[in-house]
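Read through the structure below, which is laid out as structure tokens, and then see the notes.
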Amino acid sequence: MREFNLYTSPYGDIGLDTSGGVLQRSVLFREDCGNRSSWKGVPACGPFRRQLDAYFNAWRTILLPPRILALDKCSPFEKIVYLELISTEFGEITSYGELARRCGAPRAARAVGNALAANPFPIFVPCHRVVLACGGKGGFSAGLRWKSMLLKHESQAGSGMQ
């Protein structure tokens, strides 16, 4: 049975779409849009809620086993990118080109960007940690406001992580 739960973070609402203990997608709602009427603010989603609490309280980075993410809906290349990105440490940033290199496809920076744009698990697969090689922020599916807040959160909380 699908559950649509709403998690309220210090930076905005996060939708957790789960089924059978597997995260189907997470949604970082923008202030100005995003219909939340089908999402319930209930204390469910056990491991996902605990991980978000830990993340936003700067206790630790999110460490969900990939088996509880619905990766079966992702392309083979997206899976490679997401699994590699999960290993990026809290507070660490990388570039699209560097992530492509780590995935074994050094000339596929644009393909990495496309995979990240399709990321159904923002925060859990930390695509906000990927920036342009020139130092620019690049894009983010939930908007640059979310990306900036998450990067700032990690840079300020990073020294207190375990």
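The values are calculated or read from the model by the stated rules, or taken from the named source; none is laboratory data. Nothing here was measured: the structure is a model prediction, and the numbers come from that model. With ideal geometry, Cβ positions are generated from the backbone for all residues, glycine too; neighbour counts draw on all protein chains shown.
Yes/no matrix, rows are residues, columns are (1) touching a helix residue (DSSP H, G or I) at 6+ places or on another chain (Cβ under 6 Å); (2) in a helix (DSSP H, G or I):
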{"site": "112", "(1), (2)": "yes, yes"}
{"site": "115", "(1), (2)": "yes, yes"}
{"site": "119", "(1), (2)": "yes, no"}
{"site": "134", "(1), (2)": "no, no"}
{"site": "142", "(1), (2)": "no, no"}
{"site": "147", "(1), (2)": "yes, yes"}
{"site": "152", "(1), (2)": "no, yes"}
{"site": "156", "(1), (2)": "no, yes"}
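Looking across the range 111-143, the residues that are surrounded by fewer than 19 Cβ atoms within 10 Å (Cβ to Cβ), modelled with pLDDT under 95 and out of contact with any Gly (no Cβ under 9 Å at 6 or more places or on another chain) come down to 134, 135, 136, 137, 141, 143.
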